[in-house]
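A quick write-up on the structure given underneath.
Only the coordinates and a few stated rules stand behind these numbers; no lab work does. Bear in mind that the values here come from a model prediction, so they are computed numbers and not experimental data. Positions of Cβ are backbone-derived with ideal geometry, glycine not excepted, and every protein chain shown enters the neighbour counts.
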């Protein structure tokens, strides 16, 4: 019986190396080629805004506590996903995510559209003791977040790092990061107005944890959760989305 091709190839070191490189190149080309058409594949979103310093701090806490290990932020185009979670995720919605938190495992529900779906009070109650609002939940409690003051003095460095990665924060935003974080969680102070000026009038300014005298890690995490899916309304425009963009004010 004539010797088959792959057995000959296995005995040829040079031939085997060349075959491995060729096979690996196919996978590389499949991943790299779409990047040359990135401008055509990423949707336009003129209303897209960056995370505020408080929301960015909340995102850092979300990563620190490993929330991404149980919650994805990527709604697929399958009908059951869209009916359960809302409009499927668009590439542009992750434009300013460094790093992305799409995830691949759902011990808990997808959070890509959770912003505005529940009240601040619900989120605080849920993070304090998940079983109080979702009896069957196996999520751990994060009650200490409400007792931990948010470290704000290094927020300018966090924004500067994001700016270096391509997020278009201005020098003014970087300089006022700590003040804007404080102002977003203390609506009755003079700092609150600056947040709307720099990040838009639709920016949610609220005592997220219910306390107006201090800014805690609970404030930051709830602020982040409340903006998920609301940095742009692109997913609700020219799509089959059955509902409108959530509005926590009404």
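The modelled label-to-label distance between residue 154 and residue 202, using points 7 Å beyond Cα along the C-beta direction, is 3.3 nm. Computed from the Cβ-Cβ distance with R0 of 35 Å, the FRET efficiency linking residue 5 to residue 43 stands at 0.15. If R0 is 41 Å, what FRET efficiency do you get for residue 138 and residue 171 from their C-beta distance, rounded to 0.05? The pair residue 138/residue 171 has a calculated efficiency of 0.35.
Highest mobility in the GNM of the chain, judged by mean-square fluctuation with C-alpha springs under 10 Å and restricted to 65, 40, 202, is found for 40. Averaging the Cα positions of each part gives two centres, and for the stretch 58-94 and the stretch 163-200 these lie 25 Å apart.
Summarised as an ellipsoid, the stretch 126-236 has semi-axes of 26, 17, 15 Å, derived from the eigenvalues of the Cα gyration tensor scaled by 5 and square-rooted, with the largest first.
I need the fraction of alpha carbon pairs in the chain separated by more than 23 Å, rounded to a whole percent. The partial results should precede the final answer.
On the way: 17800 of 31125 pairs.
Pairs farther apart than 23 Å: 57 percent.
On full extension, the segment bounded by residue 78 and residue 64 gains 2.0 nm, given 0.36 nm per residue less the C-alpha separation.
In the frame of its principal axes, the stretch 1-114 has Cα extents of 68, 34, 32 Å, reported largest first. Note on residue 214 and residue 13: their simple-model spin labels are 6.7 nm apart, each label 7 Å out from Cα toward Cβ.
Remark: the residue 129-residue 193 segment gains 19.8 nm on full extension, using 0.36 nm per residue and subtracting the alpha carbon distance. Helix 155-164 versus the longest principal axis of the chain: what angle, 0 to 90°, nearest 10, using Cα atoms? Rounded to the nearest ten degrees, it is 30.
What is the calculated FRET efficiency for residue 35 to residue 106, with r their C-beta to C-beta distance and R₀ = 30 Å, to the nearest 0.05? That pair, residue 35 with residue 106, gives E of 0.60.
Between 114, 134, 167, the GNM of the chain built on Cα springs shorter than 10 angstrom shows 134 fluctuating the most.
Angle check, please: helix 217-227 long axis (alpha carbons) against the longest principal axis of the chain (alpha carbons), in degrees 0 to 90, nearest 10. Its long axis makes an angle of about 70 degrees.
Take the alpha carbon atoms of the stretch 54-172, find their radius of gyration, then divide it by 2.2 N^0.38 Å using N residues; give the quotient. It would help to have the intermediate numbers written out before the result.
Values: Rg = 15.8 Å, N = 119, 2.2 N^0.38 = 13.5 Å.
With N residues counted in the stretch 54-172, Rg over 2.2 N^0.38 Å equals 1.17.
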